[in-house]
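Let me begin by presenting the structure, written as structure tokens, before commenting on it.
The values are calculated or read from the model by the stated rules, or taken from the named source; none is laboratory data. All figures in this text were calculated on a predicted structure; none of them were measured in a lab. Every residue, glycine as well, gets a Cβ built from its backbone with ideal geometry; the counts of neighbours run over all protein chains shown.
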Amino acid sequence: MQQRVHYFDNAKFVLITLVVFGHFIRSNIEHNEIMLTVYKFIYCFHMPAFILIAGYFSKKVHEKGYFKKVILKFLLPYIIFQVIYSIYYLCIGKYSSWSQFDLLNPQWSLWFLLSLFFWNLLLYFFSKINKWASISLAISISLAVGYVDVINQYLSLSRTFVFFPIFLIGFYLKREHFQYIVQKRFRIISIILGLIILICYYYIPFHYEWLYGSKPYSYFTEDPLRALITRLVIYLLIGLTTIVFLTLVPKKKMFFTHWGERTFYVYLLHGFIIQAFRVSELEIWMDRFDNLVLFAIVSISVTLLLSSKIIQKISQPIIDIRIHSYSK
């Protein structure tokens, strides 16, 4: 069995905590500039870093039986949880009838599973051509699809194409690349750069949904050139902020490292808590405090709960179809 690398488990635990945190504060960003700034900042790197790491661990793309593993790892869980979440939405009143169910329109955060499936399929073909040519082609496609309105959230096509270059770059990265950026001499520079980007987000207005990668350009502007430049700038911000984050991730085993082994459980299950929270009186109560620290405490608590062995044991029958391959 391949030995786990503490660095990646550390990164994944922090990232999944930020995913939960971002979903909790989502309701407050419309009226709180500080929360909006923090929201933009973490959305600039938490999923891109996850995607980069996922690409890094997809190097067995040309091994026999790979496509079967991809189906079991990503597509099957997507179908299962798409149905489960739809039933859950009916129960909590988010859906008024079963007619709203659509298997091909991912529920909320389930887009990531569907995109992972497509990324691995695309990777099989892109990895057969020259590295720089494949990355250039992937970026060109991601820029071009923004002009096609039918490529949106449906089948997670927009996110698939927009974030595929990051997945592909992750595939080409080697262990020594990560070892290089975590050197102590880069940490101070990364902290300063991160703070500059955070401050820029506060003073430079742009629609936070650019960071989702799920909408065509026409949703934001009618100026095609401005749209193209904006996406390029977003890519630059994503790249810089992701590097900043990965530079600051500790290499050694930490007290939270072992929780990083079960981030997939948190990702799939935290939506039940978030959606229940959004239709409850608790959200109104927390909104009154409008406090980042309070939301951070709740987010960490939810992440730890869903990372626990008890939750793993309960949910393992439907999640474990692919967890072993994903978490290494």
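Could you please find all residues in region 14-65 being small (Gly, Ala, Ser) and closer than 27 Å to Ala276 by Cβ? Listed by number, the residues that qualify are Gly22, Ser27. Only one of the listed residues (Arg226, Arg262, Arg231) is exposed (fewer than 14 other Cβ atoms within 10 Å of the Cβ), of a type in the set (D, E, K, R) and assigned to a helix (DSSP H, G or I). That residue is Arg226.
Okay, residues lined up against (1) β-branched (Val, Ile, Thr); (2) farther than 30 Å from Asn291 by Cβ:
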site: Phe45; (1), (2): no, no
site: Ala49; (1), (2): no, no
site: Glu63; (1), (2): no, yes
site: Tyr78; (1), (2): no, yes
site: Ile84; (1), (2): yes, yes
site: Tyr88; (1), (2): no, no
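For region 292-307, filtering for residues that are exposed (fewer than 15 other Cβ atoms within 10 Å of the Cβ) and either modelled with pLDDT under 95 or farther than 12 Å from Tyr265 by Cα (or both) leaves 5.
Where helices (runs of 4 or more DSSP H) sit wholly within region 91-185, those with at least 1 residues that are under 23 Å from the mean Cα position of the chain (by Cα) and under 18 Å from Ser214 (Cβ atoms) occupy 111-126, 131-144, 157-172. Within region 213-223, being part of a helix (DSSP H, G or I) and either touching a Ser or Thr at 6+ places or on another chain (Cβ under 8 Å) or crowded, with 17+ Cβ neighbours inside 10 Å (or both) holds for one residue alone: Tyr217. In region 30-46, of all residues being part of a loop (DSSP other than H, G, I, E, B) and surrounded by fewer than 18 Cβ atoms within 10 Å (Cβ to Cβ), the one that is nearest to the chain's Cα centre (by Cα) corresponds to Glu30. For region 134-149, indicate whether the set of residues that are within 25 Å of Ser218 (Cα to Cα), of a type in the set (Ser, Thr, Tyr), in contact with a Pro (Cβ under 6 Å, 6 or more places away or on another chain) and crowded, with 17+ Cβ neighbours inside 10 Å is non-empty. Yes, there is a match, as at least one residue in region 134-149 is within 25 Å of Ser218 (Cα to Cα), of a type in the set (Ser, Thr, Tyr), in contact with a Pro (Cβ under 6 Å, 6 or more places away or on another chain) and crowded, with 17+ Cβ neighbours inside 10 Å.
Condition first: out of contact with any strand residue (DSSP E or B) (no Cβ under 7 Å at 6 or more places or on another chain), at pLDDT 80 or above, basic (Lys, Arg) and farther than 23 Å from Lys94 by Cβ. Can you find one or more residues in region 275-288 that meet it? No, region 275-288 contains no residue that is out of contact with any strand residue (DSSP E or B) (no Cβ under 7 Å at 6 or more places or on another chain), at pLDDT 80 or above, basic (Lys, Arg) and farther than 23 Å from Lys94 by Cβ.
Out of curiosity, is Ile87 of a type outside the set (S, T, N, Q), within 30 Å of Leu228 (Cα to Cα) and either at pLDDT 90 or above or outside any helix (DSSP H, G or I) (or both)?
Taking the combined requirement at face value, the residue does not satisfy it.
Residue-by-condition table, conditions (1) surrounded by fewer than 17 Cβ atoms within 10 Å (Cβ to Cβ); (2) touching a residue at least 40 places away in the same chain (Cβ under 8 Å); (3) in contact with a Pro (Cβ under 6 Å, 6 or more places away or on another chain); (4) on the phi > 0 side of the Ramachandran plot:
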{"residue": "His177", "(1), (2), (3), (4)": "yes, no, no, no"}
{"residue": "Ile191", "(1), (2), (3), (4)": "yes, yes, no, no"}
{"residue": "Ile196", "(1), (2), (3), (4)": "yes, no, no, no"}
{"residue": "Leu211", "(1), (2), (3), (4)": "no, yes, no, no"}
{"residue": "Tyr235", "(1), (2), (3), (4)": "no, yes, no, no"}
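Yes or no: Ile80 surrounded by 21 or more Cβ atoms within 10 Å (Cβ to Cβ), among the aliphatic types (A, V, I, L, M) and part of a helix (DSSP H, G or I)? Criteria not met by Ile80. Here is the figure for region 308-328: residues that are modelled with pLDDT of 90 or more, in contact with a helix residue (DSSP H, G or I) (Cβ under 9 Å, 6 or more places away or on another chain) and among the aliphatic types (A, V, I, L, M) total 1.
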